1. Condition first: part of a helix (DSSP H, G or I) and over 23 Å from residue 184 (Cα atoms). Can you find one or more residues in segment 245-258 that meet it?
2. Which residue out of 287, 239, 259 is modelled with pLDDT of 90 or more, out of contact with any helix residue (DSSP H, G or I) (no Cβ under 9 Å at 6 or more places or on another chain) and outside the structural domain of residue 444 (by TED's automatic domain parsing)?
3. Consider residue 364 against the criteria (1) crowded, with 17+ Cβ neighbours inside 10 Å; (2) at pLDDT below 90: it satisfies all of them except one. Which criterion is unmet?
4. At least 3 residues that are under 21 Å from residue 481 (Cβ atoms) and in contact with a strand residue (DSSP E or B) (Cβ under 9 Å, 6 or more places away or on another chain) in each: list the helices (runs of 4 or more DSSP H) lying fully within segment 259-366 that qualify.
5. Can you spot a residue in segment 146-165 that is farther than 23 Å from residue 56 by Cα and in a loop (DSSP other than H, G, I, E, B)?
6. Residues being in a loop (DSSP other than H, G, I, E, B), within 18 Å of residue 117 (Cβ to Cβ) and modelled with pLDDT of 90 or more: count how many of those fall in segment 175-216.
7. For segment 295-304, give me each residue that is touching a residue at least 12 places away in the same chain (Cβ under 8 Å) and farther than 15 Å from residue 332 by Cβ.
8. Would you check if residue 112 is modelled with pLDDT of 90 or more, under 30 Å from residue 51 (Cα atoms) and assigned to a loop (DSSP other than H, G, I, E, B)?
């Protein structure tokens with residue numbers, strides 16, 4: 001009905017009819033939305049792009065288990081099971097290795113046969129074969145791959161230039177824009193689906209650099225590594241993950257933004273590896289309580305839980321407890337955004353970094369180094385909590401926080417895996433309904449943690465903790481900020497005093 005009426009009335013009138021009661025300013029915006037072009041068909045775009053999209057099949061050889069892998073069970077001599085196990089292992093060895101196949105997607109970015117896909121599509125593969133829409137099959141070799149971003153680059157050799165596609169500037173992609181996915185779902189090959197960009201900057205806990213584009217275009221198993229196109233026929237993202245209880249599409253798929261992919265692809269082609277910036281800090285997210293304890297107006301930026309000695313950050317003057325709010329002119333809105341900003345910064349470049357130190361802004365200069373190890377965050381991971389207090393150690397009660405504290409002994413070091421260099425006092429028990437009890441429920445503090453600092457001041461014994469907590473109470477403070485060491489890893493925890 002709508003498609004029949006629209007040609008006979010003005011768009012402004014149509015907007016007024018459909019959205020009666022909307023203020024004039026709102027109608028103007030809606031009129032603009034109605035006027036936006038909607039494709040009558042995606043056929044021409046699919047015809048043009050499909051030849052550059054490939055199916056990727058891999059083969060991996062798995063060895064049969066041997067007697068060395070599974071030691072022959074100790075059985076009584078002459079037992080009937082002895083002959084059974086011997087026959088079983090002999091048959092397994094005679095069958096030889098098992099070959100496992102997997103399927104995925106990819107796309108050509110260079111007419112000379114350079115192909116982009118996901119790392120998990122070709123990981124551990126012994127053989128990689130690429131199939132084009134015309135049925136041509138070519139063997140592929142790996143130029144380079146990067147586990148952290150899940151990007152891989154392949155090379156095939158053809159006797160002619162291959163159809164290829166280009167990357168879009170994914171930073172300009174907007175929520176609501178049309179997109180098209182082409183790939184190899186369930187091994188069917190050459191399947192096209194369309195939808196919109198549902199969201200940007202998604203964190204799905206897939207890695208340290210999560211910044212996915214979410215789309216409702218149908219993405220299924222086998223689409224991994226395939227392109228997500230905009231309506232200009234440019235690759236806006238690489239399809240890599242879905243949320244699905246069944247393995248099929250429910251309209252929630254995720255693609256790595258094209259700008260991130262292109263940066264990694266260029267490095268893999270040039271160096272054979274991805275090169276990332278590094279400054280040498282362990283980071284922690286800020287919540288409102290921690291911000292209050294640090295004297296900051298609101299939770300923002302990335303809290304430095306630990307600075308690696310002799311690192312670029314240490315040389316640049318970054319201190320434990322600093323909150324990084326800008327890096328190289330880019331705002332750090334939350335902890336998760338900083339690793340991506342640093343990783344994409346040119347190695348060897350000196351950048352301006354703004355931090356909040358005890359609530360006051362400080363500007364530093366840091367020369368970015370090269371990342372060699374997997375980055376870490378200081379967010380604590382759930383685990384089993386030791387409950388019993390160490391026998392023979394007299395605990396000091398800090399009733400204001402709901403904690404029992406003890407000096408570090410050899411027994412406590414062994415029990416709670418406290419490194420020899422860690423100094424402070426050990427949390428030996430936590431009262432349920434208390435500031436510490438509420439923090440324990442969120443795994444921000446637990447038995448066995450060592451309190452290293454209170455209010456960013458070093459503590460060596462329980463009386464130091466009591467004294468500094470009393471100062472907070474006397475000054476009508478609402479939050480006590482602790483620096484904790486858990487098995488040698490440092491993190492901040494804020495305990496709110498006014499919880500009931």
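The values are calculated or read from the model by the stated rules, or taken from the named source; none is laboratory data. Quick caveat, the model's predicted, so the values are computed rather than measured. Cβ sites come from the backbone with ideal geometry, for glycine too, and all protein chains shown count toward neighbours.
1. Filtering segment 245-258 for residues part of a helix (DSSP H, G or I) gives 258.
Okay, now just the ones that are also over 23 Å from residue 184 (Cα atoms), so none.
Scanning segment 245-258 turns up no residue that is part of a helix (DSSP H, G or I) and over 23 Å from residue 184 (Cα atoms).
2. That would be 239, the only listed residue that is modelled with pLDDT of 90 or more, out of contact with any helix residue (DSSP H, G or I) (no Cβ under 9 Å at 6 or more places or on another chain) and outside the structural domain of residue 444 (by TED's automatic domain parsing).
3. Failing condition for residue 364: (2).
4. Correct list: 288-293.
5. Within segment 146-165 (the criterion being farther than 23 Å from residue 56 by Cα and in a loop (DSSP other than H, G, I, E, B)), the answer is no, since none of the residues qualifies.
6. 0
7. The initial filter retains those residues of segment 295-304 that are touching a residue at least 12 places away in the same chain (Cβ under 8 Å), namely 295-296, 299-304.
Within segment 295-304, just 295 meets the criteria.
8. Details: modelled with pLDDT of 90 or more: yes; under 30 Å from residue 51 (Cα atoms): yes; assigned to a loop (DSSP other than H, G, I, E, B): yes.
Judged against the criteria, residue 112 is a match.
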